[in-house]
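The values are calculated or read from the model by the stated rules, or taken from the named source; none is laboratory data. All values reported here derive from a predicted model rather than from experimental measurement. Cβ: placed from backbone, ideal geometry, glycine included. Neighbour counts: every protein chain shown.
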Amino acid sequence: MSVRNGVARPLLAVNNIEVIYDHVILVLRGVSLRVPEGGIVALLGANGAGKSTTLKAIVGMVEVTAGEIRFEGRSLRDVPTHRVARLGVGLVPEDRRIFADLSVLENLMVGARADGGWTVDRIFGLFPRLAGLARQRGGSLSGGEQQMLTIARTLMTGPRLLLLDEPSEGLAPVVVAALADDLRLRKVREAGLSWLRARPLAALARPLAEAASTIASGLVARWSTTSRSPESGRGPGCGPGGRMIPLSPAPWFRSWVDRVNLHPPSG
């Protein structure tokens, strides 16, 4: 963990970023969040709220027009996506993007790095379902199996920070539950990974994440932590005991809350 002036520096710090599409449409405005080293943070929001755009901004897939993104203290502004990946940031996109004509094993080897720390055997230990499909074409897998393959392929690149854009529609509930299995995620965390997980609002109650930012219409509306988080009580807008409160008491907050039907939890 990096320390500066006696204060632990987060692995990822996103500060007041803005993204404008086609020089006209303001998609993100003033989005800020942080991921501590070894931490798991959830980015929550309804469809179209800006979760995917935030993750794409971090890895350089969309242009950031204002604000700052730092990974291990280094600015990621204007850094090409392939270089961001080399620095140790891996993105698991919502739309999977596997190589349909390659086998499961070949898909894994495409992402393999000699110094990444992940081997095929280690991946198959984490996702035993994929081991039985090793010779099968990626395009013949089910949606859930393809999502597992996408996560596995990203792990093969040896990231220190994993950005997971979790699908909210199109997968059977049993598959979504398997992908979000807490024990599996804890195994990955034990490997030294930090997580930023973009999740639908319905996932708010899941216990694994230590902190959560809620995004509405391109704006972070709330930040929360759990009592076991090292950031508890010290995050921006964080209340005692991890209680979720508005980042700002400004009048706009209630209008955004009403718009996406959010209600701050009691106690």
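Descriptive notes on the structure:
- Checked against (1) within 21 Å of Gly50 (Cα to Cα); (2) outside the structural domain of Leu44 (by TED's automatic domain parsing), Gly67 passes all but condition (2).
- Considering segment 16-57, the residues that are in contact (Cβ under 8 Å) with a residue 12 or more places away in the chain and of a type in the set (D, E, K, R) include one that is nearest to Thr81 (Cα to Cα), namely Lys56.
So that you can scan it fast, the table gives a plain yes or no per residue for (1) modelled with pLDDT under 85; (2) surrounded by fewer than 17 Cβ atoms within 10 Å (Cβ to Cβ):
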site: Ala134; (1), (2): no, yes
site: Ser142; (1), (2): no, yes
site: Glu145; (1), (2): no, no
site: Gly158; (1), (2): no, no
site: Leu162; (1), (2): no, no
site: Arg184; (1), (2): yes, yes
site: Arg199; (1), (2): yes, no
site: Ala203; (1), (2): yes, no
site: Leu208; (1), (2): yes, no
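- Filtering segment 27-49 to residues that are in contact with a strand residue (DSSP E or B) (Cβ under 9 Å, 6 or more places away or on another chain) and in a loop (DSSP other than H, G, I, E, B) leaves Pro36, Glu37, Gly38, Gly39, Gly45, Ala46, Ala49.
- Subset of segment 97-132 (residues that are surrounded by fewer than 13 Cβ atoms within 10 Å (Cβ to Cβ) and among the polar types (S, T, N, Q)): Thr119
- Residue check, Leu105 farther than 26 Å from Pro10 by Cα, among the aliphatic types (A, V, I, L, M) and at pLDDT 90 or above: yes
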